[in-house]
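Encoded as structure tokens, the structure appears first; notes follow it.
The values are calculated or read from the model by the stated rules, or taken from the named source; none is laboratory data. As the structure is a computational prediction, the values presented were derived from the model and not from experiment. All Cβ positions, glycine included, derive from the backbone under ideal geometry; neighbour counts span all protein chains shown. For the accessible areas, the whole protein counts, side chains as well, though only heavy atoms, and no ligand, DNA or RNA atoms are used. Shrake-Rupley method; radii C 1.70, N 1.55, O 1.52, S 1.80 Å.
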Amino acid sequence: MVDVTISEAADRLRRGEVVAIPTETVYGLAADATNAAAVAGIFAAKGRPDFNPLICHVADPAQLDALVVLDDRARRLIAAFWPGALTLVLPRRADCPVASAVSAGLPSLALRMPAHPLARELLARIGRPVAAPSANRSGHVSPTTAQHVRDSLGTEIAVLDGGPCSVGLESTVVGLTGDAATLLRPGGIAAEDIEAVLGETLVQPTDQTLQSPGMLLKHYAPRLPVRLNAAAAQGKEGLLSFGKPLPGFATVFPLSERGDLAEAAARLYAGLHALDHVAGLDGIAVMPIPQQGLGLAINDRLVRAARGR
Ligand code: TXA
Ligand code: MG
């Protein structure tokens with residue numbers, strides 16, 4: 001892995017190269033979103049199918065007017081949650097300068113203003129939208145440290161190290177291209193908090209093929225099999241615990257001993273990465289996580305991890 005400074009990262013982006021950058025959710029594999037060749041470099045480095053669109057990152061909400069059509073719902077969500085772990089999918093403007101590959105040919109564009117100070121500084125220096133999916137091989141667990149990026153994408157990749165991600169789960173993706181606001185992906189901001197600002201319930205799309213192609217893919221899969229809602233020890237599994245750990249496990253990675261969902265979210269991918277690398281384990285058992293608040297996103301990722309191999 002090539003460790004780069006923020007100036008080197010900015011130079012690479014300007015030259016049309018990819019660079020892994022920290023955000024508060026997960027590390028992203030970044031490229032200039034207005035440069036089609038640079039964007040192609042993201043898909044190639046990740047082994048990502050080209051029907052899966054990317055999120056564009058901006059330094060300032062003012063950049064959006066040149067890219068997408070904003071409505072009142074979008075303005076309210078931006079005021080409430082940006083910078084932060086919320087991505088909005090909005091209709092592209094006809095003259096939107098972002099490469100169409102970023103949208104995977106769709107008439108919409110996903111946008112986010114990250115909160116991580118290094119990401120914000122880098123985006124401000126570039127002054128252009130930056131496309132960045134999670135910085136892992138397609139189908140692997142998302143990276144929440146620079147070392148995770150190195151493990152997944154190899155030693156050639158340039159990484160701006162910003163320490164461990166504080167949120168630890170990808171952003172919540174909300175679709176605002178139609179009449180009903182849709183929850184395209186649960187994530188780092190709880191759906192309930194978004195609904196409180198919108199004053200309406202988020203619709204869960206039934207036909208995700210048209211809405212958020214990425215959600216169809218196998219995702220977030222560790223090497224070891226994952227067993228959910230574990231109530232007792234079994235075989236040579238390691239345990240991802242929530243609350244007081246179950247007895248009978250020699251290897252335990254506590255998500256949150258005090259049963260705090262934000263803490264568990266921040267530690268989820270680190271736990272999957274860590275247990276996946278412990279020699280001698282034959283699986284990962286996970287204790288039940290309450291299906292509320294950030295628990296929705298945690299359980300979404302765990303279900304994908306359990307069936308994704
Ligand atoms: O927290 C995050 O969102 C991280 C950091 C790096 O910002 N990024 C991330 O990107 O998770 P990625 O590519 O792994 O996930 C993007 C998600 C996918 O589920 C994709 O299908 C959806 O957003 N998406 C992107 N553009 C879309 C669009 N135009 N319409 C519907 N869904 C879209
Ligand atoms: Mg991803």
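Largest first and in whole Å, the equivalent-ellipsoid semi-axes of region 1-154 read 23, 17, 15, each the square root of five times a Cα gyration tensor eigenvalue. Placing 195, 257, 237 in order of accessible area, with the largest value first and a 1.4 Å probe, yields 257, 195, 237.
With only the Cα atoms considered, region 78-223 has a convex hull volume of 136 Å³ per residue. Each Lys and Arg contributes +1 and each Asp and Glu -1, all at the Cβ; summed about the Cα centre of the chain, the dipole is approximately 600 debye. Among the protein heavy atoms of the chain, carbon and sulfur supply 53% of the accessible surface, probe 1.4 Å, non-protein parts ignored. Across region 154-309, Cα-Cα pairs more than 29 Å apart make up 24 percent of the total. Over the chain, DSSP H runs of length four or greater, each weighted -39,500 (n - 2.57), average out per residue to a 222 nm ellipticity of -8500 deg cm²/dmol.
Shape summary: the chain maps onto an equivalent ellipsoid whose semi-axes, from the alpha-carbon gyration tensor, are 31, 23, 16 Å in decreasing order.
Among 50, 95, 11, the largest mean-square fluctuation in a Gaussian network model of the chain (Cα springs under 10 Å) belongs to 95. Candidates 25, 6, 35 compared by Cα position along the dipole of region 1-49: farthest toward the positive end lies 35, with charges placed on Cβ.
Out of the DSSP beta bridges found with both residues in the chain, what percent are antiparallel (nearest 5)? So the antiparallel bridges amount to about 45 percent of the total. Taking the chain as a Gaussian network of alpha-carbon nodes connected by springs under 10 Å, the highest mean-square fluctuation of the residues 94, 33, 221 belongs to 94.
Projecting the Cα atoms of 89, 274, 199 onto the charge dipole of the chain, computed from C-beta unit charges around the Cα centre, puts 274 farthest toward the positive end. Accessible area per residue for the chain is 40 Å², calculated with a 1.4 Å probe on protein heavy atoms, without ligands, DNA or RNA. Taking 265, 110, 44 as the candidate residues, the one with maximal mean-square fluctuation in a Gaussian network model of the chain, Cα springs under 10 Å, is 44.
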